[in-house]
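For reference, the structure discussed in these notes is given below.
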Amino acid sequence: MHDCASPIGVFDSGYGGLTILQKIRQHEPDCDYVYLGDNARTPYGSRSFEIVYQFTLQAVRRLFEEGCPIVILACNTASAKALRTIQQCDLPGIDPTRRVLGVIRPTVEAIGSVTRNHHVGVLATQGTIASNSYPLEIAKLYPHIRVSSQACPMWVPLVENHEHQSLGASYFVKKYIDELLQQDPDIDTVVLGCTHYPLLYGEIRRFMPSHIQIIAQGDYVAHSLSDYLHRHQDMHERISRQGSCRFLTTEQADRFRSSANLFLSDSTINVETITLQ
């Protein structure tokens, strides 16, 4: 840990959270950041609540050790399965002045201003769909909205294996969109409930009827964080500002670096391999 460094922590089980990090850095370019990818244990989508919670808490603790006063869980599965428990049960004992925020709430908040007919679809991993997090959060804010959910188990492997522009990707993108629209043909807004999915955006847009609005999370999460820092000046003042960004991974640094290039425009990244326990 660096003395007096108080970066914003960004955590994901894999690489998808880099799409969130990219947007956050565009909104808050002066801040320092530490990104932690638990790449050795990804994917989280099919793991149990208990395991996802344990792994996420280990990552949050590590980012706190790096000096982060605020940690963004840039992972829908971690946000769905671990965020609330960490906020309610762990943070008060670890350090009640720090904050852990997720990606689901800011995404859901945006839905109300996008949908016109109140028929909304969610495309996400099996874990996020099984957690029911999106329908529950949407029901809290917008009880009149009808939500249909579709798991897309092949989308993350396609992205992580660099196959997201292949014919195979086209087949699976169309398949899951068709299955979602069979549930409710009146859907006018679709949430991409996984941080990997922006890399499939071109294909998703191609097979999604043109009148349907697509909500990708990055801009909404970034805007929500900027708004949070604006409203909480005490947190705003705790964050160090030299525009730096470090990367931690539980995988080999070289492997992380080559895959991260898919998601980031900056190819010269400072990567360190760590162990979480």
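The values are calculated or read from the model by the stated rules, or taken from the named source; none is laboratory data. All of these numbers come straight from a predicted model, not from anything done at the bench. Note that each Cβ is placed from the backbone with ideal geometry, even for glycine, and that neighbours are counted across all protein chains shown. Side chains included, ligands, DNA and RNA excluded: accessible areas come from the protein's heavy atoms. Shrake-Rupley method; radii C 1.70, N 1.55, O 1.52, S 1.80 Å.
Take the Cβ-Cβ distance between Gln22 and Val114 as r, set R0 to 25 Å, and report the resulting FRET efficiency rounded to the nearest 0.05. So, using R0 = 25 Å, E works out to roughly 0.70.
Report, to the nearest 10°, how far helix 253-263 tilts away from the longest principal axis of the Cα atoms in the chain, using its own Cα long axis and a range of 0 to 90°. Orientation of helix 253-263: about 40 degrees from the principal axis. Between Asp234 and Ile274, residue separation times 0.36 nm minus the direct Cα-Cα distance comes to 11.4 nm.
Calculated over the range 18-103, the projected area of the Cα convex hull averaged across directions stands at 5.6 nm². For the peptides 115-121, 93-99, the ranking by packing is 115-121, 93-99, with the highest mean count of neighbouring Cβ atoms within 10 Å listed first. Take the Cβ atoms of Glu179 and Gln88, set R0 to 25 Å, and the FRET efficiency comes out at 0.10.
Label positions at His162 and Asn261, each projected 7 Å from the Cα along the C-beta direction, are separated by 0.8 nm. For the range 162-253, the square roots of the Cα gyration tensor eigenvalues, ordered a ≥ b ≥ c, give a/c of at least 1.5 with a/b no greater than b/c, which places it in the oblate category.
Among the GluC sites (Glu not before Pro) found in the range 135-235, those both in a DSSP coil and sparsely packed, with 16 or fewer other Cβ atoms within 10 Å of their Cβ, are Glu163. When Glu237, Glu272 are compared by accessible surface with a 1.4 Å probe, the order from highest to lowest is Glu237, Glu272.
Of the residues Leu83, Leu167, Leu21, the one with the largest accessible area comes first in the ranking Leu167, Leu83, Leu21, computed with a 1.4 Å probe on protein heavy atoms. Once you sort the root eigenvalues of the Cα gyration tensor of the chain as a ≥ b ≥ c, which label holds: rounded (a/c under 1.5), prolate (a/b larger than b/c) or oblate (the other case)? In terms of gyration-tensor shape, prolate. The sum of -39500 (n - 2.57) across all DSSP H runs of n ≥ 4, divided by the residue count of the chain, sets its helix-only mean residue ellipticity at 222 nm to -13000 deg cm²/dmol.
The length gained by stretching the chain between Ser210 and Ser170 to full extension, at 0.36 nm per residue less their Cα-Cα distance, is 12.7 nm.
Solvent-accessible surface of the chain, taken per residue with a 1.4 Å probe and all protein chains present: 43 Å². The angle between the Cα long axis of helix 17-27 and the longest principal axis of the Cα atoms of the chain comes to about 70 degrees, rounded to the nearest 10. What is the range 55-199 by shape, rounded, prolate or oblate, if you read a ≥ b ≥ c off the alpha carbon gyration tensor as root eigenvalues and call it rounded for a/c under 1.5, prolate for a/b larger than b/c, and oblate otherwise? Note, shape of the range 55-199 comes out oblate. The Rg/Rh ratio for the range 119-163 is 1.10, where Rg is the radius of gyration of the alpha carbons and Rh is the Kirkwood radius.
Round to a whole number: what % of the accessible area of the range 104-195 belongs to carbon and sulfur, probe 1.4 Å? Don't jump to the answer; show the numbers that get you there.
Working: 2060 of 3930 Å².
Accessible surface attributable to carbon and sulfur in the range 104-195 totals 52 percent.
To two decimal places, what compactness ratio does the range 92-176 give when its Cα radius of gyration is scaled by 2.2 N^0.38 Å?
For the range 92-176, the normalised Cα radius of gyration comes out at 1.37.
The angle separating the long axis of helix 49-65 from the principal Cα axis of greatest extent in the chain is about 40 degrees.
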